[in-house]
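What follows is a short report on a single structure.
The values are calculated or read from the model by the stated rules, or taken from the named source; none is laboratory data. Because the structure is predicted, anything quoted here is derived from the model rather than measured. Backbone-built Cβ (ideal geometry, glycine too); neighbour counts: all protein chains shown. These accessible areas exclude ligands, DNA and RNA; they are computed on the full protein's heavy atoms, side chains included. Shrake-Rupley method; radii C 1.70, N 1.55, O 1.52, S 1.80 Å.
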Amino acid sequence: MIIREMLLTDVEDVHRIEKQAHPFPCSKKIITEAVTSSKHAVVLERDDEIVGFAILSFVVGEVELLNICINPSHQGKGFGKYLLDALIEHAIQSGNQDMYLEVRESNDKAYQLYLNLGFNEIGRRKGYYPINGGREDAILMALPLNF
């Protein structure tokens with residue numbers, strides 16, 4: 001497996017994965033802007049196939065995980081943990097103090113992964129995410145990187 005910078009030529013594959021994994025996916029425009037901006041966008045490849053991706057934002061000693069997604073056909077195989085471990089290490093090596101993320105209240109598998117990696121719940125955003133027929137909360141989580 002390799003983790004590399006996301007390229008503009010990856011946007012179609014990344015957006016396809018995003019649409020397969022989420023009922024309310026982010027747009028292709030947002031993914032494209034992540035590649036062309038100062039954000040840190042990476043893909044996880046296995047056997048020359050993109051199986052996942054992540055987008056981070058680095059701001060004055062803090063890292064925000066904006067999106068991490070594994071192709072549904074590859075979920076449950078440790079790819080998400082592999083990618084997140086590498087992102088955390090990159091954030092530490094880059095001299096950051098804390099990493100933040102938000103996760104859907106209903107996404108228990110991701111929530112448990114984050115807890116197992118040392119993230120702590122620090123708050124909630126009420127009604128942040130759309131769901132069929134309404135909204136659900138985002139759980140805000142943080143990981144101190146200077147331990």
Of all residues in segment 126-147, count the ones that are loosely packed, with under 14 Cβ neighbours inside 10 Å, more than 12 Å from M99 (Cβ to Cβ) and under 18 Å from the mean Cα position of the chain (by Cα).
-> 1
Is it the case that segment 77-95 has a residue that's closer than 24 Å to H15 by Cα and in contact with a His (Cβ under 7 Å, 6 or more places away or on another chain)?
-> no
Per the list (1) under 30 Å from N146 (Cβ atoms); (2) touching a residue at least 12 places away in the same chain (Cβ under 8 Å), residue check on I17 breaks on (1)
Is it fair to say G118 is touching a residue at least 24 places away in the same chain (Cβ under 8 Å), open to solvent by less than 50 Å² (accessible area, probe 1.4 Å) and in a helix (DSSP H, G or I)?
-> no
Identify, please: which residue in segment 60-93 is hydrophobic (A, V, I, L, M, F, W, C) and in a helix (DSSP H, G or I) and is, among those, farthest from the chain's Cα centre (by Cα)?
-> I92
Test Y100 against the stated conditions and say whether it is more than 24 Å from Y128 (Cβ to Cβ), at pLDDT 95 or above and among the hydroxyl-bearing types (S, T, Y).
-> no
